[in-house]
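Asks: What follows is a structure written as structure tokens; I'll ask about it next.
Each reported figure results from applying straightforward, stated rules to the coordinates on display, with no laboratory input. Worth saying up front: this structure is predicted, and the values here are computed from it rather than measured. A quick note on method: Cβ atoms are made from the backbone with ideal geometry, for glycine too, and the neighbour counts reach across all protein chains shown.
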Amino acid sequence: MNMENVHILDHPLLQHKLAILRDQNTGVKDFRQVVSEIATLMCYEATRDLPLEEVEITTPITTAKFKSLTGKKLAIVPVLRAGLGMVDGILTLIPSVKVGHIGLYRDPDTLEPVEYYCKMPSDIAERDVIILDPMLATGGSASAAIQFMKNYEVKHIKLMNIIAAPEGIERVQRDHPDVDIYCAALDQGLNEHGYIVPGLGDAGDRIFGTK
Ligand code: PRP
Ligand code: URA
């Protein structure tokens with residue numbers, strides 16, 4: 001499989017936390033908490049290329065030049081519903097980041113994404129965007145979400161998923177070869193209902209306790 005633009009984040013802490021998410025006995029409280037923690041750890045890696053500039057700082061001892069973020073404009077865009085579970089974890093590291101929302105659900109028969117909500121920061125075209133969704137299955141939702149951001153003239157887009165299937169990665173690579181994909185696991189594939197195997201089940205239902 002072509003792994004161009006694909007970043008598998010396999011830090012031991014991520015692997016440990018992901019095993020907790022996969023466990024069918026993990027309840028809604030712990031599931032939410034761990035999704036958030038995973039998002040924080042993934043954010044640390046996915047922002048590794050943020051640009052720095054030199055600033056002069058006076059410490060209690062002396063004045064010297066140090067590195068500081070340039071203040072490049074960023075936004076995160078969770079895909080409703082399940083992407084919402086990753087927002088708090090990102091805000092832990094980047095508290096001032098702007099947040100746009102895309103509402104998509106996957107039609108259970110066709111597996112095609114259906115849009116039902118969209119609200120973006122007014123200056124979204126000037127921002128680098130990280131799209132958040134725990135699951136990249138067929139890739140239909142992610143591909144549609146990326147296309148929305150391109151329709152808003154966003155130039156730099158990253159996709160952050162906790163678990164990806166090869167089918168989803170291939171779809172995003174085909175439709176949007178310019179997008180970097182960050183995930184904590186690449187699973188075996190999809191079952192006949194389009195669920196990731198072994199996966200963790202329905203992420204939205206497990207985060208919101210709807211099943
Ligand atoms: C899930 C998941 C993704 C999508 C992935 O959402 O959060 O958005 O499925 O599947 P795909 O790659 O085949 O498009 P779902 O449609 O279940 O909606 P929900 O978050 O509201 O539960
Ligand atoms: N959406 C989910 O929530 N889980 C899957 O395994 C596939 C799509």
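Asks: Kindly list the number of the only condition in (1) away from ligand 1 (no atom under 16 Å from the Cβ); (2) surrounded by fewer than 16 Cβ atoms within 10 Å (Cβ to Cβ); (3) in a strand (DSSP E or B) that fails for Glu115.
Replies: Exception for Glu115: condition (1).
Asks: Also, I was wondering about something else. Give the residues of region 190-210 that are in a strand (DSSP E or B) and away from ligand 1 (no atom under 12 Å from the Cβ), sorted by residue number.
Replies: Scanning region 190-210 gives a single hit, Val197.
Asks: Scanning region 121-168 for residues that are of a type in the set (Asp, Glu) and under 22 Å from Thr40 (Cα atoms), which turns out nearest to ligand 1 (Cβ to nearest atom)?
Replies: Out of the qualifying residues, it is Asp133.
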